[in-house]
1. With the requirement that a residue be hydroxyl-bearing (Ser, Thr, Tyr) and at pLDDT 95 or above, what does segment 246-272 give you?
2. Just to be sure I understand, how many residues within segment 133-143 are surrounded by fewer than 21 Cβ atoms within 10 Å (Cβ to Cβ) and either under 15 Å from residue 216 (Cβ atoms) or at pLDDT below 95 (or both)?
3. Name the residues in segment 93-107 that are closer than 18 Å to residue 265 by Cα and assigned to a helix (DSSP H, G or I), would you?
4. Limited to segment 186-219, what total is found for residues that are part of a loop (DSSP other than H, G, I, E, B) and in contact with a helix residue (DSSP H, G or I) (Cβ under 8 Å, 6 or more places away or on another chain)?
5. When the residues of segment 151-170 are filtered to those that are within 18 Å of the chain's Cα centre (by Cα) and part of a strand (DSSP E or B), which remaining residue is nearest to residue 122 (Cα to Cα)?
6. I'd like the full set of residues that are among the charged types (D, E, K, R) and either closer than 26 Å to residue 210 by Cα or touching a Ser or Thr at 6+ places or on another chain (Cβ under 8 Å) (or both), limited to segment 76-124.
7. Only one residue in 265, 271 is outside any loop (DSSP other than H, G, I, E, B) and closer than 26 Å to residue 171 by Cα, so which one is that?
8. If residue 380 satisfies every condition in (1) closer than 25 Å to residue 135 by Cα; (2) surrounded by fewer than 19 Cβ atoms within 10 Å (Cβ to Cβ); (3) at pLDDT 95 or above but one, which is the exception?
Amino acid sequence: MSGSQRRSMSEKRGLEPLLRPLEQFTSLHAATLRRHGSHAIDLSFPNPRVRRDGRAVDLLGAVAGRLTADELQYTPLGGSTILRRKVAGVLSQMTCVPYNYRDIVFTPGGAAALATGFAALLEPGDEALVLTPGWMDYPLYLRQLGVGWQFVRYAGGSPDLAALTRAWGPRTRAVILSQPNCPTGVMLGAAELASLAEALVDVGRRDGRMPILFSDEVHRDQTWAGEFVSPVHFYDNVVSFYSLGKAWSLQGQRTGYLAISPRFQQRESVQRDAVRALRANGACAPTVVMQQVMAELAGHRPAMGSLAADQDRARQLLRSGGADVVDATATAFVYVRCPLGLTDSEFAEAAAAEGVLILPSELFHDSSHYRIALNVGGEQLDEGLRRLVRIHHVTESRGPTRGTS
């Protein structure tokens, strides 16, 4: 052998610590499915096996069947102008904010929308404040850009504005908010969003430039109690993100968009940079079929009756078994505190040993919790939850001998 060994992409870019936790869980996931086979109950990644609203699947088939060869050609980089205009009109009605088609950039999924938005508006040396718990890959996309970050925890289900203000530094450029929150399902109300906006305005006046608020709204159409409110009502410099897949259980079709607030400072420059960032990262627009599906579903919401019933069922069963469940009103997730004596990773391993797959909260930059995705219903869901409750009981009967507080 001669010369030095090749360094991997993740080592060269400092991504290894951000990639490893999910890869480790993915190995546990595969091993559990091999071991338990058809008896495994997968409540980890949000891949629902229950058909809660079939309209999107039916529409997908219809659109694919009627498009002509001429219609299956390249669209502009940010998506079809006609279809973006339709989505902008629906978003304007929903928010009472006058979007136009240039404010909407279609992307191949919510993850691509996030990466594109960050790339368009942040630069090396900037810093973002990430409200946690929050989605796992925000820091991954920031690190790729040479952007730093600090985590700021929620306090009692709301952003800790005092902690956010303390964390603000001379390089801080943005705040990243998950609304509704992934993994907890907590949804901020108008008063909380208005307070966050006021804090950002105060910081902007002090620093001489208004911060960016990235609002990750990919779960906004999975609101099963209460009403969704976007921060675009209260603050100008907002870029929001949407996922058709999350809304309609079409995750594998990878379709979404980013939306630039019409009140964003230097709006036209941001519009241009968003499309350029999409091109630069090699993603470009979703398929023509999925662009059409997204535009036709704009203005419609999936039926929430089945999800609301399963949320109620799951929360009652867990709480009756003594589990500490975080109150929520949105998403297909249930967020639960681990029993004393087990860390979140240890609980995930214990659950996997029982044939149940759940996600440990370390993936969401949190500790001492786990996330359940309501992928199944009926007796299969009940059985999975009963197995989790048994782990709580066994652990608590032993007493807190190890793990977290």
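1. Selection gives 255, 257, 261, 269.
2. The total comes to 3.
3. Hits for segment 93-107 are 101, 102, 103.
4. Residues that pass the stated criteria total 5.
5. Residue satisfying both the conditions and the ranking: 151.
6. 102, 103, 123
7. 271
8. Only one criterion is unmet by residue 380, namely (1).
The values are calculated or read from the model by the stated rules, or taken from the named source; none is laboratory data. Since we're looking at a predicted model, the values are computed, not measured. Note that we place each Cβ from the backbone using ideal geometry, even for glycine, and neighbour counts take in every protein chain shown.
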